Amino acid sequence: MSRKYLFIEQNIEELREKIKNTDNGYFKRLYEQCRLYSATQLTEEHPKGSSTFMGMAAPNLALAYLLTKQDHYLQEAKRWILTGCKYPHWGHAHLVDVDLSASWLMFGYSVAYDWIKDELSEEERTLIKDKLILQGERMYDFAVKTKGAGWSTAFWQNHNWINLTGQAAAGYALGDDYAKSKIWIDYAKANFEIVYDVMANDGSDYEGVVYWRYGAMWLLMYAHLLKEREGFNYFEHNDFLKNTFYYRLYQSAPNLEEIINYGDCHDRRSGHSAAMYYKFAAEYNNGHAQKLANKVRDEFLFREHYESGVKPGILPEAWLELIWSDLNVKEEKFETLPLTKHWDDLGLVVMRSSWKKDAIHFSIKSGTPGGKKQWKRSWEMDRELGWKTRGLSHQHPDNNSFILNAFDAFLAVDEGYNRTVTADEHNIVVVDGKGYEHEGGNNIWKDTPEKTIATMDFTSENGITFASGEASKMYAKELELTEYRRNIIYTENGHFYMIDDLNSTKEHTYSWLMNSDTVFATVGENRHLIENGPAKLEVVTLYPENKEVTSKETNVRAIMTTQEPDKFRETKMKTMVIENTEKSKQMNFFNILKPQRTFGEEEFKVTKLNSEEAFGSVVETEGCKETFIYSVSNRKMEIAGIKTDAKWAIIVEKDNKIEKIGIHKGSYLTFNGKVLVEKNTEENLFIENIE
């Protein structure tokens with residue numbers, strides 16, 4: 001009977017057979033990665049920065065040896081492991097020995113040690129074991145000492161997941177050779193029992209795509225480790241693990257290479273892990289995950305690695321791709337998935353025009369800080385135990401902010417990574433230049449009251465999608481804002497209606513902000529154009545009547561990691577600003593966003609509608625006419641042939657026939673004398689195939 005190796009579920013002979021099939025490319029990924037390591041010079045002192053790359057080098061080299069028995073892989077594995085084990089401390093500049101670099105090294109060295117320990121001398125085994133014991137004790141002691149106020153009880157934060165997975169791996173690797181191994185294992189087990197229980201059931205992650213890729217990978221790591229060691233399968237029992245792949249997929253830009261960068265995202269290309277996708281594919285027979293994994297490995301791999309700001313990056317995950325992939329899972333086309341999706345926990349909505357690489361992708365979010373489940377459970381836990389479990393340092397003040405990508409270009413953008421977050425760096429409305437309470441720091445949510453939340457309402461049916469975010473509670477109390485509701489209506493005809501309702505007990509100047517990569521130009525009355533390579537965005541600014549439209553620069557500079565305080569990223573955005581020229585307590589903004597291809601003029605005629613009780617528009621495109629009206633007085637509306645008591649109504653005509661209609665909070669609707677709706681009791685009624 002062959003030996004059972006740590007972290008490897010398969011019989012080792014199965015993996016050997018897998019790499020013999022050179023057509024699948026897994027062995028090539030592994031040996032090419034190992035060649036990079038052989039050319040790497042290692043320092044006698046700990047690197048002046050992250051050492052996570054050393055933790056990933058060890059299992060790549062050790063696995064290559066285990067599968068091929070080629071001695072040069074063994075010697076390289078020993079060089080990388082023994083060098084790190086001679087460092088007196090693991091980590092640099094911040095939380096040395098007790099945070100990420102230390103835990104990556106502890107995990108990688110533990111796994112690799114288990115794989116090659118039979119080939120080591122007694123002296124080498126002793127050096128590695130003693131170092132794992134030393135670092136494990138340092139990590140464990142810190143976790144216990146800071147319980148309730150540090151990462152050991154920050155159950156929604158990647159530091160918790162990474163550090164305690166490393167701790168658990170060391171415990172399993174040392175086994176009976178160290179008396180306290182079981183203590184470490186049981187501590188991690190108790191921690192992750194809480195972690196998996198409190199994660200969002202819908203799979204969303206408030207930290208954003210990049211930290212999902214960096215942190216949630218370790219939720220897979222630990223679940224796999226526990227399954228392999230003890231047979232308990234979180235993949236079967238946990239809704240977050242079951243659903244989170246689709247959060248990641250829908251937060252891909254249409255070209256699938258780039259990301260929709262809410263939260264802390266270092267750049268627009270640091271979001272992929274083929275290994276993670278292969279694991280989701282294998283555990284859930286998920287053909288969509290298999291398709292994305294293969295696409296990333298075959299098409300995006302090197303650009304993802306070399307343009308990514310996340311260390312150690314995608315290339316060192318070669319060993320995981322080999323272990324986690326299942327060749328029997330068949331790819332499934334993304335076209336089998338819906339084009340709109342809502343994550344209720346995070347308050348995130350995505351609307352796509354298709355799954356083609358040049359599709360339109362519109363995303364908006366508004367919700368509870370960190371997500372509904374985290375907010376509720378952390379408040380309960382903190383009250384009961386006196387802890388501080390919410391970190392939220394990667395949560396931005398971005399409720400009601402949107403990101404728009406179309407035809408392979410970003411048109412409305414987010415600032416990405418930031419350590420001094422402010423609301424005015426997002427695509428929202430600020431009031432007298434001000435945004436949230438306590439903004440300007442790394443974690444502005446520490447003193448946020450429990451009831452200070454935002455919400456998102458969502459309905460999508462019969463070809464009409466309606467997303468409505470309410471965020472007034474998040475704003476500074478001195479502003480006395482009583483309403484900030486952003487409404488998005490999408491009829492699948494290539495443009496988006498955006499209506500912002502704001503109310504306060506004080507008079508204010510309200511500033512509607514939209515960030516982009518390039519400066520807009522005014523091209524006509526109420527019409528402004530942003531051009532960016534293959535795409536352009538027309539912004540039709542219909543309301544308020546008395547407004548000023550200007551441009552400014554918004555620059556964000558942030559240190560990437562506390563281990564490398566001299567390195568930073570800078571984002572320079574061009575911001576469109578729409579402001580009311582006379583201060584007011586109440587304000588409505590009505591804008592229509594129309595993305596288009598740079599080459600190819602598309603008919604897009606907009607006629608403004610305005611009356612005492614409503615405003616709206618008639619939008620005409622080739623073969624299509626849409627009439628939209630919005631009540632400003634909560635009275636019955638009669639305008640442009642429409643009669644209704646709804647808050648808003650839309651009539652979509654194609655080839656002079658009504659194709660679909662929508663009303664919000666209305667009981668009846670007539671158009672040109674024809675009764676279309678009567679005695680309606682639903683809040684949102686969207687109907688297609690009218691005639």
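The values are calculated or read from the model by the stated rules, or taken from the named source; none is laboratory data. Keep in mind the model is a prediction, meaning the values are calculated, not measured. Using ideal geometry, Cβ is built from the backbone for each residue, glycine included, and neighbour counts are taken over all protein chains shown. Ligands, DNA and RNA are excluded from the accessible area calculation, which covers all protein heavy atoms including side chains. Shrake-Rupley method; radii C 1.70, N 1.55, O 1.52, S 1.80 Å.
Rounded to the nearest 20, the size of the Cβ-charge dipole of the stretch 313-394 about its Cα centre is 460 debye, with Lys and Arg at +1 and Asp and Glu at -1. Which distance in Å, rounded to a whole number, links the C-alpha centroids of the stretch 320-361 and the stretch 64-126? So the two Cα centres are separated by 37 Å. Relative to the longest principal axis of the Cα atoms of the chain, the long axis of helix 100-116 makes an angle of roughly 50 degrees. Solvent-accessible area of residue 568, all protein chains in place: 90 Å² (probe radius 1.4 Å, heavy atoms, ligands and nucleic acids excluded). Scoring 393-402, 376-385, 237-246 by mean Cβ neighbours within 10 Å over their residues and listing the highest first yields 393-402, 237-246, 376-385.
Surface listing: 137, 553 arranged by accessible area from highest to lowest gives 553, 137, probe 1.4 Å.
Going by accessible area, probe 1.4 Å, with all protein chains left in place, what is the ranking of 420, 146, largest first?
So, going from the largest accessible area down, we get 420, 146.
Starting from the Cα gyration tensor of the stretch 580-638, take the square roots of the eigenvalues, sort them a ≥ b ≥ c, and report rounded, prolate or oblate (rounded when a/c is under 1.5, otherwise prolate if a/b is larger than b/c, else oblate). The shape class here is oblate. Orientation-averaged projection of the stretch 295-361 equals 6.8 nm² [convex hull of Cα atoms, one quarter of hull surface area]. Spatially, the stretch 142-161 and the stretch 369-447 are offset by 21 Å when compared through their Cα centroids. Hey, any idea what % of the chain's accessible area is carbon plus sulfur with a 1.4 Å probe? Carbon plus sulfur share of accessible area: 46 percent.
Note on the chain: dipole from Cβ charges, positive end direction compared against 599, 568, 101; the farthest Cα belongs to 101. When both the stretch 1-30 and the stretch 586-621 are represented by their alpha-carbon centers, they are found 58 Å apart.
Per residue, the accessible area of the stretch 539-691 comes to 50 Å², computed with a 1.4 Å probe over protein heavy atoms only. Just to confirm the number: angle between the C-alpha axis of helix 26-38 and the first principal axis of the chain, 0 to 90 degrees, nearest 10? Its long axis makes an angle of about 70 degrees. Charge dipole (Cα centre; +1 on Lys/Arg Cβ, -1 on Asp/Glu Cβ; no other charges) of the chain amounts to roughly 680 debye.
From the largest down, the chain spans 90, 53, 45 angstrom on the principal axes of its Cα atoms. Projecting the Cα atoms of 154, 135, 184 onto the charge dipole of the stretch 116-193 (Cβ charges, centred on the Cα centre) puts 154 farthest toward the positive pole. Ligands, DNA and RNA are left out, and with a 1.4 angstrom probe the accessible area of the stretch 24-180 is 36 Å² per residue. Averaging the sequence gap over all C-alpha pairs within less than 8 Å and six or more residues apart, then dividing by the number of residues, gives the chain a relative contact order of 8 percent.
Helix 158-174 versus the longest principal axis of the chain: what angle, 0 to 90°, nearest 10, using Cα atoms? Computed tilt is about 20 degrees.
Ordering 339, 220 by accessible surface, largest first, gives 339, 220; the 1.4 Å probe counts only protein heavy atoms, with every chain in place.
For the stretch 95-152, go through all pairs of different Cα atoms, get the mean of 1/r, take its inverse, and jot down that Kirkwood value in Å. Value: 12.3 Å, from the Cα pair sum.
Over all pairs of distinct alpha carbons, what does the Kirkwood formula give as the hydrodynamic radius of the stretch 251-366, in Å? Evaluated over the stretch 251-366, this radius sits at 15.0 Å.
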